[in-house]
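*Asks:* Can you read through this structure? Questions will come right after.
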Amino acid sequence: MAAVSQSAMTAEPSVASPKMTARDLNLFYSDNQALFDVNLDIVERQVTALIGPSGCGKSTFLRCMNRMNDTIDGVTINGKVTLDGRDIYDKRIDVVQLRARIGMVFQKPNPFPKSIYDNVAYGPRIHGLVNSRDELDEIVMTSLERAGLLKEVKDRLQSPATGLSGGQQQRLCIARAVAVSPEVILMDEPCSALDPIATAKVEELIDELRSNYTIVIVTHSMQQAARVSQRTAFFHLGKLVEVGETDQIFTNPKDDRTKGYITGRFG
Amino acid sequence: MSLSFLLLAVAALCALSFYFGRQRAVALSGGRYSNLHSLPAHYGTYVALWCGLPALLLLFVWHTFQGSVIEAMIIADLPAEITSDSGQLSLALNSISLIAAGNGQHLTVSPEVVDAGRRLANLQSIANAALIVVMLCGAVIGVSLSYRKISPELRARNNVERISRWVMIACSAIAILSTVGIVFSLLFEALHFFSKINPLEFLFGLEWSPQTAIRADQVASEGAFGAIPLFVGTLLITVIAMCVAVPVGLFSAIYMGEYASPKFRAVAKPALEILAGVPTVVYGFFAALTVAPFLRNNGAILGLDVSSESALAAGLVMGVMIIPFVSSLSDDVMSQVPKSLRDGSYGLGATKSETIRHVIFPAALPGIVGAVLLAVSRAIGETMIVVMAAGLAANMTVNPLQAVTTVTVQIVTLLVGDQEFDSAKTLSAFALGLVLFLVTLGLNVFALKVVQKYREKYD
């Protein structure tokens, strides 16, 4: 209880009717504790940015939110993560369905070695979201459209996805995530492998996606956090130090560590 | 001085010249190695290489030509009545070399031959002594030239690297040339065979019965050299073996790589690989003494007529033998599929088996095809199990319950016979070998093409 009230002093985790929440979340890799009592609310249809120096646990936290840490051996988690009020670590929750509701985009573009079409169709196919070829075509087209990629690839849907440029591949991965109609999209440094022009396009896309999806993005670039997010959470050494409106975090941080990090004194 | 002693002496000389070359470089540097173009050890290696390589090259050239030169000298001195007949000449040369080696006491030969034998012994000892002198001269000349060239400006490092590149080229040339040599030795004997038997009859004939008469008065069949039954038998056994090895190997690889706990994997994987270490003769026992009777007895219950030596028994056991090839290699390629692809699939809500089927398996396909084709060539080349379990009868059948034979088995049985070496029967072994070589070569080329075609799609 002491830990909760302490972190509550520096951070403001609670908002009215959050899409997702984390409460007293602790995570251990074997004997190393990577997250300490994290309490954070994710607001629906907003972009929440997670910032902090390397190794501060922000990616680990992100991967807790759709249980991607389940695939790693020796990870123990305690605490609670909820989606629409239901604990996602509940035994009755099916990870497969959970991940269909909470999509993920990774640091390095990772298209499957298949055609562009098959990459986007992958999710709808395995989840049985469509009954006919026409429906599938439509989902693929709208997803590519939403990811801002349709114009560039509509004449070569059957060519291999690995032939696309890095930025196009990343937008394809976003289209692939969008195709299963998730409610939340988690993005783990989605622009770190991209050049500035491709980055600008992806950021623009994130801003557009905000109207339909709840987005959580991990980023190393504070400018990016300032540009795309409405709320920002600052992590340091496995602890959530401060969370609030992005403007407030960048102009008037309450914690000295946050101030130090965003003014570039450490990190 | 024997050859090994000579080589040791050259090695010692090399070591000495390394030491002196290095010393001279150190002396020239005046205590600061940075005054030299290369490190002192490079100068030492430079001198040592100039010592060893000329000597070895001379040794090689000398040995290549010594025999034929000395033989020519001996023949030139032999009387015309011996040299005019090639049969007598080779007989005489044989006796001469026996006498020269000191084993000719019991021979009854003409005095000219005895003289020639003594001359041969004489010439050989002269040649050996000359070789030592020539080699040492070569080494000394090489050392003195290179030693004199040592100066701070000498680019010893670059020179050494250039020489070592040539050594590497020579090594790869040996590997390639021996392949070419094998092909040609097969080719010439096969051509010899095809001059006796029509190639079309060999390639498309449907009957294989290589028994020809050994003596003119012997009652025997003409002999039939149609290779089709052998290739059908090989194909049949290979197909049966692959039907066992591919699914079992692949599924065990998937289980080991994707599902098994690290603890189980650490025990089970080596255990599976033990299969690869069992000698094929032991598999042969197993096939002939356990599997074949088992099949025959159970076949009898089902009302099937299984012969006691059957393609099925050999193929099944061969399949078991190949499992570790398939599983080990495909496990390796599947574990090389990047983690990011798995994460991408899990992140979309795919289950483990969906990820394996739709992402990992297609991405690893080129490697898996490679593994399977490697296993196929192993199956085609396997001999021992077939000899013991499938028999020698060249039946033209695709019924796995009958006895069949394979190409390699026939090659062995053809060559262990006691027929003259230039009979059609023996020579046909080379023709079979040539065709088998071409088939496996074609298979390898095909495998490479497949792998290349699919690799482009992958990362």
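*Asks:* For the structure I just gave you, tell me whether A:PRO109 is farther than 24 Å from A:ASN26 by Cα, touching a residue at least 12 places away in the same chain (Cβ under 8 Å), facing chain B (nearest Cβ under 8 Å) and surrounded by 20 or more Cβ atoms within 10 Å (Cβ to Cβ).
*Replies:* Considered against the rule, which asks whether it is farther than 24 Å from A:ASN26 by Cα, touching a residue at least 12 places away in the same chain (Cβ under 8 Å), facing chain B (nearest Cβ under 8 Å) and surrounded by 20 or more Cβ atoms within 10 Å (Cβ to Cβ), A:PRO109 comes out as no.
*Asks:* Going through B:SER68, B:SER38, B:SER110 one at a time, which residue ends up being modelled with pLDDT of 85 or more and surrounded by fewer than 18 Cβ atoms within 10 Å (Cβ to Cβ)?
*Replies:* Of B:SER68, B:SER38, B:SER110, the one residue that is modelled with pLDDT of 85 or more and surrounded by fewer than 18 Cβ atoms within 10 Å (Cβ to Cβ) is B:SER68.
*Asks:* I would also like to ask the following. Cβ-Cβ distance below 6 Å, separation of 6 or more or different chains: which pairs start in segment B:348-375 with a residue that is within 13 Å of another protein chain (Cβ to nearest Cβ) and end on one that is open to solvent by 50 Å² or more (accessible area, probe 1.4 Å)?
*Replies:* If the second residue must be open to solvent by 50 Å² or more (accessible area, probe 1.4 Å), the pairs left are B:ALA363/B:TYR458; B:LEU365/B:TYR454; B:PRO366/B:TYR454; B:PRO366/B:ARG455.
*Asks:* Taking segment B:241-255 as the region of interest, how many residues are open to solvent by 20 Å² or more (accessible area, probe 1.4 Å) and either among the aliphatic types (A, V, I, L, M) or at pLDDT below 90 (or both)?
*Replies:* Step one: list which residues in segment B:241-255 are open to solvent by 20 Å² or more (accessible area, probe 1.4 Å), which gives B:242-244, B:246-248, B:250-252, B:254-255.
This time we only want the ones that are either among the aliphatic types (A, V, I, L, M) or at pLDDT below 90 (or both), so: B:242, B:244, B:246, B:248, B:250, B:254.
Summing the residues that are open to solvent by 20 Å² or more (accessible area, probe 1.4 Å) and either among the aliphatic types (A, V, I, L, M) or at pLDDT below 90 (or both) in segment B:241-255 gives 6.
*Asks:* May I pose another question? Could you tell me which of the residues A:LEU129, A:LEU144 is among the hydrophobic types (A, V, I, L, M, F, W, C), touching a helix residue (DSSP H, G or I) at 6+ places or on another chain (Cβ under 8 Å) and either over 18 Å from A:ILE206 (Cα atoms) or in a loop (DSSP other than H, G, I, E, B) (or both)?
*Replies:* A:LEU129
*Asks:* Residue by residue through segment B:122-165, note down the ones that are over 17 Å from B:LEU59 (Cβ atoms), surrounded by 13 or more Cβ atoms within 10 Å (Cβ to Cβ) and of a type in the set (A, V, I, L, M, F, W, C).
*Replies:* Residues satisfying the conditions are B:LEU123, B:ILE150, B:LEU154, B:ALA156, B:VAL160, B:ILE163.
*Asks:* If you go through segment B:294-310 one residue at a time, do you hit one that is within 32 Å of the chain's Cα centre (by Cα), among the aromatic types (Phe, Trp, Tyr) and more than 14 Å from chain A (Cβ to nearest Cβ)? Walk me through it before giving the result.
*Replies:* Narrowing segment B:294-310 to residues within 32 Å of the chain's Cα centre (by Cα): B:309-310.
Subset that is among the aromatic types (Phe, Trp, Tyr): none.
No, segment B:294-310 contains no residue that is within 32 Å of the chain's Cα centre (by Cα), among the aromatic types (Phe, Trp, Tyr) and more than 14 Å from chain A (Cβ to nearest Cβ).
*Asks:* Same structure again: Of everything in segment A:90-102, what is at the interface with another protein chain (Cβ under 7 Å from one of its Cβ atoms) and surrounded by 18 or more Cβ atoms within 10 Å (Cβ to Cβ)? Give them in sequence order.
*Replies:* Of everything in segment A:90-102, those that are at the interface with another protein chain (Cβ under 7 Å from one of its Cβ atoms) and surrounded by 18 or more Cβ atoms within 10 Å (Cβ to Cβ) turn out to be A:ARG99, A:ALA100.
*Asks:* Out of segment B:91-121, which residues are of a type in the set (Ser, Thr, Tyr) and closer than 20 Å to B:THR64 by Cα?
*Replies:* Result: B:SER97, single match.
*Asks:* Is it fair to say A:GLU242 is touching a strand residue (DSSP E or B) at 6+ places or on another chain (Cβ under 7 Å) and open to solvent by less than 40 Å² (accessible area, probe 1.4 Å)?
*Replies:* Taking the combined requirement at face value, the residue satisfies it.
*Asks:* Name the residues in segment A:163-204 that are open to solvent by 30 Å² or more (accessible area, probe 1.4 Å), assigned to a loop (DSSP other than H, G, I, E, B) and under 19 Å from A:ALA49 (Cα atoms), would you?
*Replies:* A:GLU183, A:SER192, A:ALA193
*Asks:* Would you confirm whether any residue within segment B:385-393 is in a helix (DSSP H, G or I), open to solvent by 40 Å² or more (accessible area, probe 1.4 Å) and either touching a strand residue (DSSP E or B) at 6+ places or on another chain (Cβ under 8 Å) or not aliphatic (A, V, I, L, M) (or both)?
*Replies:* There is no residue in segment B:385-393 that is in a helix (DSSP H, G or I), open to solvent by 40 Å² or more (accessible area, probe 1.4 Å) and either touching a strand residue (DSSP E or B) at 6+ places or on another chain (Cβ under 8 Å) or not aliphatic (A, V, I, L, M) (or both).
*Asks:* Name every residue in segment B:173-190 that is within 23 Å of B:TRP62 (Cα to Cα) and either of a type in the set (Gly, Ala, Ser) or touching a Ser or Thr at 6+ places or on another chain (Cβ under 6 Å) (or both), in order of residue number.
*Replies:* B:ALA173, B:ALA175, B:SER178, B:GLY181
*Asks:* Taking B:GLN402, is it modelled with pLDDT under 85, assigned to a loop (DSSP other than H, G, I, E, B) and surrounded by fewer than 18 Cβ atoms within 10 Å (Cβ to Cβ)?
*Replies:* Here the answer is no, as B:GLN402 does not meet what is asked.
*Asks:* Something else: Could you list, in sequence order, all residues of segment A:80-89 that are within 15 Å of A:ASN39 (Cβ to Cβ) and either buried (at least 17 other Cβ atoms within 10 Å of the Cβ) or among the polar types (S, T, N, Q) (or both)?
*Replies:* The answer is A:VAL81, A:THR82.
*Asks:* Which count do you get for residues in segment B:330-384 that are over 40 Å from the mean Cα position of the chain (by Cα) and open to solvent by less than 30 Å² (accessible area, probe 1.4 Å)?
*Replies:* Matching residues across segment B:330-384 total 9.
*Asks:* Moving on to the next point. Report yes if some residue within segment B:324-344 is facing another protein chain (nearest Cβ under 10 Å) and part of a loop (DSSP other than H, G, I, E, B); otherwise report no.
*Replies:* Yes: one or more hits.
*Asks:* When only residues in segment B:330-360 that are closer than 14 Å to B:LEU250 by Cα and in contact with a Leu (Cβ under 9 Å, 6 or more places away or on another chain) count, which is modelled with the lowest pLDDT?
*Replies:* B:VAL333
The values are calculated or read from the model by the stated rules, or taken from the named source; none is laboratory data. In this text, all values refer to a predicted model and were calculated from it rather than measured experimentally. Note: ideal-geometry Cβ built from the backbone for every residue, glycine included; neighbour counts use all protein chains shown. Just the protein is used for accessible areas: all its heavy atoms, side chains included, with ligands, DNA and RNA removed. Shrake-Rupley method; radii C 1.70, N 1.55, O 1.52, S 1.80 Å.
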